[in-house]
Structure formats: C-alpha cells, structure tokens
Amino acid sequence: MANLCILGGGFIGRFYAESLVGRRSKDKVKVVYSRSETTVDRFAKDYQVPAAFTDMEAAVSHQDAEIVIIALPNYLHEEAVMLCVKHKKSVLCTKPLGRTAEEALRMLEAVEKAGIFGGYLEDLCYTPKFQKSLKSVQDGAIGRVLWAKSRETHPGPHADWFWDLEAAGGGAIVDLGCHCIEISRNFIGKDIRPLEVMCWADTQVKPIDAEDHAIGLVKYENGAIGQFEVSWTFRGGMDLRDEVMGTEGTIWVNSWLRTGFEIFTSGEGKGYVAEKAEVDKGWQFPVGDEAHELGYPNMFIDMFDAIEKGTQPQETFYDGYVVNAVIDAAYKSAKTKLWEPVDLKVWRGKTGVTKPSVFQEYDADHWLIKTEKLPNGDQVTIVRHKESGKVKEIVG
Ligand SMILES: NC(=O)c1ccc[n+]([C@@H]2O[C@H](COP(=O)([O-])OP(=O)(O)OC[C@H]3O[C@@H](n4cnc5c(N)ncnc54)[C@H](O)[C@@H]3O)[C@@H](O)[C@H]2O)c1
C-alpha cells in the first residue's frame, strides 16, 4: 500500500485519480496540489483527499506524499521532478517527460543520482490491447518486426497551455507523437537503437506557432521502421490505431473509435460520450471503461509493484528520455527536410546490430521469393538464382 500525492488537478490528474480512487484501491491519494484554490478544493472534495495545497513544495514534502505523481503542464515537469529529488520522493511523471531531450536528460540524471524511483507514465503502452499485442510479438507470432505504425489524431487539446509553443515544447508531435514513438519502439524492441528520423510537419488549420499535423518515420538499427501520424485537426473524435507488420504476420489495433460498442441517440438526455468525442447525438462510439482502455490501472499497478519490489517498471525515465531525443530529431527534420540523426547522449541498448537475413532457400541454387495459387488453378513459385540473380517462375 502506498500514500500518493498528485500534482495537478486538471484533465489527467482527475483521470489518474479516477483510476486510483474509484477502484477500491489499497493505494490512497492523500495529498493534492493545484495552482488555484478552486481546482484543488474541488479535486479534494471529489476524491476525498485530506491534504490539499496551492504550494507545490508543501505538497511534495508532506509526510503522506510517498509517491508523487506529476500531472502538470509540460513546462512544469522539470521543476516538479527536482522537488521530488530534493525531498527524496519516488516520482512518476506523465508524458512527455521533457519538452526536449536536454530537459529529459537533466531529470533522468537527477533522479538516478538521488537514487529515487522514476517511472514514466506512458499509459498507451499499458492498454489491454497493446499488452496482448506486445506479448504476441515477443512470443514470435508475427516474426521479425519490419514496420510499426502508431496513429493518434483528434480535434486538439482542451487547455490553453498546450497551444503555446514555449509552454508545451511543440505541438502535436510532442503531445501525441510521444505516445506513438514509444508504442513503435516497444514493438520493434526497446534495446534497438533509433538512428534517424524523417518528418513532415505543418500548421494546416489552427492559428498557432506549433505544428497541428505531422507524419514521421523513425529508422532503427536492425532495419525496422517506426511511423507516427499525429494531428490536432482530425475531425470525428479520437483516432487511436496501431499497425505492426512482421515477416510472419500482422497486427491491427483500433483502441477508440471502433471498439464494437455503438449507440444511437436523437439527442434527448445529456451525457459524456468518450474523450474528445465531438457530438452527443446520432451514432456514438463510446468506450466501456475509458481508464482501463487507456491503460491507467495497469500502468499504476506496474509502477507501484516495481517500487515495492525494487525493480524497474515497464516504462522508465530513460524511456521518456529516448522518446524526447526522437522528437527532437523529428523537429529538426521537419525544418531541414532531411533524415536527421537521433542524438542519444546516453544509450543503454544493443550496439552494432545489423539487419538480419531471413531469405528462405528453394533449393541449393535458388532463393524462394514467393509461391501463389492463381485463379486458373496453377501453383506459381518465383525463385532467384543465388549466383546470377536471375529471377524465374516455376508453374506446377
Ligand atoms: N494520456 C496521457 O497520458 C495524458 C493525457 C492528457 C494529458 N497528459 C499530460 O498531463 C500533463 C497535464 O495535462 P492536462 O491535460 O491535465 O492539463 P490541464 O491543463 O487540464 O491540467 C493541468 C493542471 O496543472 C495546473 N497548472 C497549470 N498551469 C500551472 C502553473 N503555471 N502552475 C501550477 N499549476 C498549473 C492546472 O491548474 C491544472 O490543475 C501534460 O504534461 C500532458 O501532456 C497526459
């Protein structure tokens, strides 16, 4: 059992509290901090939190703040992490870890130097569908991963600071791309080094300085490619989808808009539909248990178990740092229009990995390219001579 302190009483702070308090959890939210009296009082009342502060350090240093959960705007993550370092509190930080890799690295190094626990709250790597997909990949069900694409698009975030380039550290890439990059990285293998990034980003619709739409490719050392698609201008709700292609199979995951649950309403009555839903009449695509489908309960279980056992969680501050380094390269590439290297000052995975050969032999002289049954009933096999490189088909 742990006593928890939540910093930030806004959108994600409340989602975290719902996941922790609403499920007869043995872990208790005992302390909360938010900037305004109104927000902190409402939060404390809604979730029966005994100690509520508008002073961040008072909350972090409180005796009942054993584990501090950072749910503050991006520009406050470093300040909050440093307070946890100062008061030697275990710290869990929401995504993105930093606005830049430089900021994330400072947080990583400070936490490790202080010997405190640092967990990265990347919830979309804890959803039930993601966890099952990852297990299938790790068990070899789709062979060697060649391409891992993740998409998060919606009509844009709910609070002012997200739209401020300086406060957020970027636009849709830093806000949504952080999820997509870490999802692809998990599928490809976290020990495989991301080498370089090619990214298109533009401000297509919104009157902002940051990008509201971007697509990026991340090249990995083993030859696999990651892809992220992010937008703050998508219409129709929140589109969360992943696709993984391997030498032996394929995975398609749709986490939000088409989950097999549909409701039609003429508009009578009022109610919340789902995160980022744009309309509340006509056909609706609600989500049964949003917190669970977004991975929050699994994520906190992993974090608290790791703290108790003295082990590493699935998502660490180091992972947050790697994601920020990929994002930095994406921003650079969007400007230069070139493949830009991922500058990882600290790399803890494998080195010198090469692209493995998965060629299949047809016979001693030929490689097999493919075999297919045609509509006329013929079985065609296409092979390539190992020495001459000549390609031929054998019909049998
Ligand atoms: N899926 C996810 O994991 C997920 C989803 C949404 C947001 N987030 C992350 O959570 C963090 C917070 O986002 P949010 O959507 O909850 O934002 P929000 O604006 O809804 O809430 C932020 C909270 O911080 C407070 N705050 C704002 N400015 C402050 C300041 N200058 N000083 C002190 N407190 C201040 C606000 O009053 C509010 O209580 C961000 O880093 C965001 O990227 C994560």
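Computed from the coordinates by the stated procedures, all read-outs in this text should not be read as laboratory data. Predicted model only: the values in this text are computed from it and were never measured. For neighbour counting, all protein chains shown are included, and Cβ atoms are generated from backbone atoms with ideal geometry for every residue, glycine included.
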(message) Looking at (1) crowded, with 21+ Cβ neighbours inside 10 Å; (2) within 13 Å of the ligand (Cβ to nearest atom), which one does Leu20 not meet, given that it meets all the others?
(response) (2)
(message) Would you confirm, using the coordinates I've provided, whether Glu211 is touching a residue at least 24 places away in the same chain (Cβ under 8 Å), crowded, with 21+ Cβ neighbours inside 10 Å, over 26 Å from Lys135 (Cβ atoms) and of a type in the set (Asp, Glu)?
(response) yes
(request) Give just the number: which of (1) surrounded by 19 or more Cβ atoms within 10 Å (Cβ to Cβ); (2) closer than 22 Å to Met299 by Cα; (3) hydroxyl-bearing (Ser, Thr, Tyr) does Ser25 not satisfy? (result) (1)
(request) Mind checking which strands (runs of 3 or more DSSP E) fall wholly inside region 34-111 and carry at least 1 residues that are within 14 Å of the ligand (Cβ to nearest atom) and in contact (Cβ under 8 Å) with a residue 24 or more places away in the chain? (result) 67-70, 90-94
(request) Quick one: count up the residues across region 50-63 that are of a type outside the set (Gly, Ala, Ser) and buried (at least 18 other Cβ atoms within 10 Å of the Cβ). (result) 4
(request) Give the residues of region 125-162 that are away from the ligand (no atom under 11 Å from the Cβ) and among the aromatic types (Phe, Trp, Tyr), sorted by residue number. (result) Phe130, Trp147
(message) Looking at region 6-28 only, could you name the residues that are within 19 Å of Ala59 (Cβ to Cβ) and either of a type in the set (D, E, K, R) or not in a helix (DSSP H, G or I) (or both)?
(response) Ile6, Leu7, Gly8, Gly9, Gly10, Arg14, Asp27, Lys28
(message) Conditions first: (1) of a type outside the set (Lys, Arg); (2) surrounded by fewer than 19 Cβ atoms within 10 Å (Cβ to Cβ); (3) touching a helix residue (DSSP H, G or I) at 6+ places or on another chain (Cβ under 8 Å). Glu66 passes all but one, so which condition is the exception?
(response) (3)
(request) Considering only residues that are hydroxyl-bearing (Ser, Thr, Tyr) and exposed (fewer than 14 other Cβ atoms within 10 Å of the Cβ), look in region 332-361 and name the one that is nearest to Glu102 (Cα to Cα). (result) Thr336
(message) Every residue in region 163-181 that is within 11 Å of the ligand (Cβ to nearest atom) and of a type in the set (Val, Ile, Thr), please.
(response) Val174
